[in-house]
Amino acid sequence: MLNIKDIRNDFPILSLSVYGKPLVYLDNGATTQKPRAVVDAITNEYYNVNANVHRGVHFLSQKATELHEQARETIHTFIHAKSTSEIVFTRGTTESVNLVATCFSEACMNEGDEVIVSAMEHHSNIVPWQMAAQRRGIRLKVIPINDKGELLLDEYRKLFTERTRIVSVTHVSNVLGTVNPVKEMVSIAHEHGVPVLIDGAQSAPHIPIDVQDLDCDFFAFSGHKIYGPTGIGVLYGKEEWLDRLPPYQGGGEMIQHVSFEKTTFNELPYKFEAGTPDYVGSHALAVAIDYVSALGMDNIHQYERQLTDYAMSKLQQIEGMRIYGTADDKDAVISFLVGNIHHLDMGTLLDRLGIAVRTGHHCAEPLMHRLGIEGTVRASLAFYNTREEIDILADGIQRLKQMF
Ligand code: PMP
C-alpha cells in the first residue's frame, strides 16, 4: 500500500499554489514532477563529484564514471535486461526511436520493405519512420483501432507480408490510455521473424517492465516521465540486434581507434553513445528509478489503476462528457471533451482553478483524424494524485459547463 500523504511530501512542487488555488497537477503524461531525492542527486553531483566520465584517471572522473555506470546497472535491473550492454543512454524516447529508425532502416531495410506502426502512435514513432521511408524507399503500414481505442489484432496479423521488416508500436497510448497487448504482438511478429520496438514512454512509469518476458527486441523510454530529469532516456536493445546495427552518431566515446584511413567502433553500448553523455542525468534517473522501485511498481500500478477507474466513473457522470479511450485495459490517461466546449477553453479555464491538464492533439494528429476531432483535454495521472484531486477536476468541469 502506498502512503500518498508521505509520498506527496517528497515532491515539493506539489504544495505550490497557482492563482491562489492549490496546484492539481494532472499533466503527468507530458512530464512528471521530481522527488527531492532526484533534485538533491543533481545538486550533489554538481557540487561534489562533477568531472567528465570514462578514461579519466583522476578521483572525480572515476567517481562520476562509477555513478554513471551504476545507473546503467540500475536500469538494467529495473527493466530486467540480460546485460548492461543492452542499455543505451539517449536523450529520451524520441531519440531512442530515431536511433532505431535510422540505424535499422540502414542496416536491414531496402526499397519496398515495410514497417508496421499503429493508428495511436505519438509523432515520435511516426515521423522517424517516415524520414527513413524517404531515405530508404520503405513503406509504413498502420494497425487500425476500434471505437474503444483498442488495436485490432486480426488486422495486425493481416499486415504482415514477406516485406515486413520491423514492428514499432506504443505500449500505452498517450491519448487514449490503452494498454496494448505488446507481449502477444511481439510473439505474432516473431512468428514472422520480425523484430519489435516498443515505445514505453507511457508504460515504464506505470507498469512493471520485463523486457525478457515481453521478448521485445527494442524498448524506449524517457527519464523525465518517470520522475527523473529531462534530457536523459533509454534505449534497450537485444545484444544481437544492437550488434547488427551501425553506429548512430560519430564522435568521441563511440570509437575504439581512429585514423584518417580507418576508424573502429567501441563495444556495446558505447558504440551508440557518441560524445559526453549526460552523466548527471543518468545518475539522477537511477535515483528516480530507485525511488519508484522502493514504492514498488506493482503497488504503483495497482494504485493508479484504481485512481483511473475512479476518475473514469466520476467524469462519466458529467452530462455531455465524451471520453476518448475506453479500452478494457486502460491506464492513467483520460482524454475528453464536454458538450461543444473547445478543448483549449476548457484547459485555460481549468488552469485558473489551479488544475494543470494538457489540451490539443497530444502529438498524435493521425489519431485525432481517426477520432474525427482536433484535440482533447487530457488528464494524466501519477501515484501522487488523489481522489480529492479528481473531485476538484470534476467540480471544475461542472463549473465551467455552467459558464458556457
Ligand atoms: N511516445 C509517447 C507515447 C509519448 O507520450 C511521448 C511523450 N509525450 C513520446 C513518445 C516522446 O517522448 P520524449 O518527448 O520524452 O522523447
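Here, each number is a calculation from the coordinates, and none is a lab measurement. Source: prediction; values computed, not measured. Cβ: placed from backbone, ideal geometry, glycine included. Neighbour counts: every protein chain shown.
One table, with the values for the structure above:
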{"item": "Spin-label model distance (nm) - T43 vs L2, 7 Å beyond Cα toward Cβ", "result": "2.5"}
{"item": "Helical mean residue ellipticity (222 nm; -39500 (n - 2.57) per DSSP H run of 4+; nearest 500) of the chain", "result": "-12500 deg cm²/dmol"}
{"item": "Sequence-distant lysines (8 or more away, or on other chains) whose Cα lies within less than 27 Å of K314", "result": "K5, K21, K148, K225, K330, K401"}
{"item": "DSSP-loop GluC sites (Glu not before Pro) across segment 338-392, with at most 16 other Cβ within 10 angstrom", "result": "E374"}
{"item": "Using alpha-carbon coordinates, inclination of helix 279-295 to the longest axis of the chain, degrees", "result": "50"}
{"item": "Partners for K271 among aspartates and glutamates (Cα-Cα distance below 20 Å; same-chain residues under 8 apart left out)", "result": "E66, E69, E73, E86, E95, E106, D217, E239, E240, D243, E253, E261"}
{"item": "V57/K82 FRET efficiency (R0 45 Å; Cβ-Cβ; nearest 0.05)", "result": "0.90"}
{"item": "Zone residues, segment 323-341, relative to E374, backbone N less than 18 Å from point 7 Å out along Cα-to-Cβ", "result": "336-341"}
{"item": "Qualifying trypsin sites (Lys or Arg not before Pro) for segment 1-69 [loop in DSSP, other Cβ within 10 Å: at most 13]", "result": "R55"}
{"item": "Over the chain, equivalent-ellipsoid semi-axes from the Cα gyration tensor in Å", "result": "36, 28, 17"}
{"item": "Amide N of segment 316-347 lying under 11 Å from the label point, which is placed 7 angstrom from the Cα of F404 along Cα→Cβ", "result": "320-322, 337-347"}
{"item": "Two-decimal Rg to Rh for segment 145-278 - Kirkwood Rh, Cα set", "result": "1.04"}
{"item": "Gap separating the Cα centres of segment 296-320 and segment 29-65, nearest whole Å", "result": "35"}
{"item": "Environment charge at Y47 (Cβ cut-off 14 Å; Lys +1, Arg +1, Asp -1, Glu -1)", "result": "-1"}
{"item": "Sparsely packed GluC sites (Glu not before Pro) within segment 246-325, loop by DSSP, other Cβ within 10 Å at most 12", "result": "E261, E267, E319"}
{"item": "Local electrostatic count at G149 - Lys and Arg +1, Asp and Glu -1, tallied over other residues with Cβ under 14 Å", "result": "-1"}
{"item": "FRET efficiency, Q317 to S17 (Cβ-Cβ, R0 35 Å, nearest 0.05)", "result": "0.80"}
{"item": "Neighbour net charge for V196 - beta-carbon separation under 9 angstrom, K R +1, D E -1", "result": "-2"}
{"item": "Cα centroid of segment 190-243 to Cα centroid of segment 329-354, whole Å", "result": "29"}
{"item": "Highest-fluctuation residue, G372, G360, G149 considered, GNM on the chain with Cα pairs under 10 Å", "result": "G372"}
